[in-house]
Amino acid sequence: MVAPGRIFGVEVGVTVMAEYIARHGLTRLLGVFAAAGGRQFRRGTRVIVRTERGLEVGQILCAASQDTVAHLKDPGTGQILREMTPEDGNEAIRIQAQAQQEIEVCQRHVDRLGLKMQLVEVEHLFGGERIVVYYLAENRVDFRELVRALAGEFQTRIEMRQIGVRDEAKLLADYGDCGCAVCCNTHLVQMPPVSMRMAKLQKATLDPTKISGRCGRLKCCLRYEFETYERSQHQPQGEAAAAASPSPAVSEPAPAAAGGVPAASAEPDRPGSAPQP
């Protein structure tokens, strides 16, 4: 994109880099990416991006306006290299299939070293710069020997990432009992804590099997309307009821008949009501 400008009184063209918010990585990270050559991309376009971790497959969400960027907390930065080609798609499929073999190799080394950890997933970056191993563990794990063994096996950088049960659901879960895709794997960027008080305030059932998500913890959606319920609790009863009830419908006045007398209503008389004169 070229914007007009003046340098020393001479009209020149200044290249403006278009920026987009894109999602990338297995944990659905968000970042602000500059498009090479000011190219324009539509929402949902799959692209190859250069991030702080290396080359990755990304998906365009929206243009990076000042307002949208303000809603992101510490977004990453990078560059959009190109729209994903059929060759890139085939390479991504090959890497995804290879990741299953890599997690089997990781599990074999974990068993050999007797490490108390549960492997969750392996992420192989598109550019091959690193392999990220996600795992669960109750205590701190000394995985230095494991990293050396995996680096020698895969000939690339190994990054170990300890996660919690909610992050495990973000990586592996598909649908919730509501029938929709789980929130943590679709639109949620952060997963703030959810307490039983939120369920009680909204008068939700306290049956753990009905208010727990795929991770076994309280559902993230219990937090969505919590602030609204909390505000209504501190309002006077009359104001809270008025805010909750819909506004009454305003009916149009009946048209006047000849002589200025209002026309009779077309609504039939209710049973048992007195006839109107």
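Using a 1.4 Å probe, what is the accessible area per residue for segment 21-88, in Å²?
54
Where Lys and Arg each count +1 and Asp and Glu each count -1, what net charge lies around Leu113 among other residues with Cβ under 11 Å from its Cβ?
+2
At 1.4 Å probe size, with the rest of the protein present, what percent of the exposed accessible area of segment 29-80 is carbon and sulfur atoms?
Carbon and sulfur: 48 percent of the exposed surface of segment 29-80.
As a test of understanding, state the convex hull volume per residue of segment 109-160 from its alpha carbons, in Å³.
For segment 109-160, the hull spanned by Cα atoms encloses 66 Å³ per residue.
Compute the semi-axes of the equivalent ellipsoid of segment 20-82, taking the square root of 5 times each eigenvalue of the Cα gyration tensor, and list them largest first in whole Å.
Taking √(5λ) for each eigenvalue gives 15, 14, 10 Å, largest first.
Would you kindly find the accessible area of Cys180, with a 1.4 Å probe and non-protein molecules such as ligands, DNA and RNA excluded, rounding to the nearest 10 Å²?
Counting only protein heavy atoms, Cys180 exposes about 80 Å² to solvent.
Please report, as a whole percent, how much of the solvent-accessible surface of segment 100-221 comes from carbon and sulfur atoms (probe radius 1.4 Å).
C and S atoms contribute 49 percent here.
Arranged from highest to lowest average of other beta-carbon atoms within 10 Å per residue, in what order do the peptides 67-73, 162-168, 198-204 appear?
In decreasing order of mean packing, 67-73, 162-168, 198-204 become 162-168, 198-204, 67-73.
P(r) tail for segment 59-179, what percent of Cα pairs lie past 24 Å?
The answer is 44 percent, as a whole percent.
Could you work out the local net charge near Phe41, counting Lys and Arg as +1, Asp and Glu as -1, over the other residues with Cβ closer than 11 Å to its Cβ?
+3
The values are calculated or read from the model by the stated rules, or taken from the named source; none is laboratory data. What you see is a predicted model; the values in this text were computed from it and never measured. Glycine gets a Cβ as well: all are built from the backbone with ideal geometry, and neighbour counts include every protein chain shown. Just the protein is used for accessible areas: all its heavy atoms, side chains included, with ligands, DNA and RNA removed. Shrake-Rupley method; radii C 1.70, N 1.55, O 1.52, S 1.80 Å.
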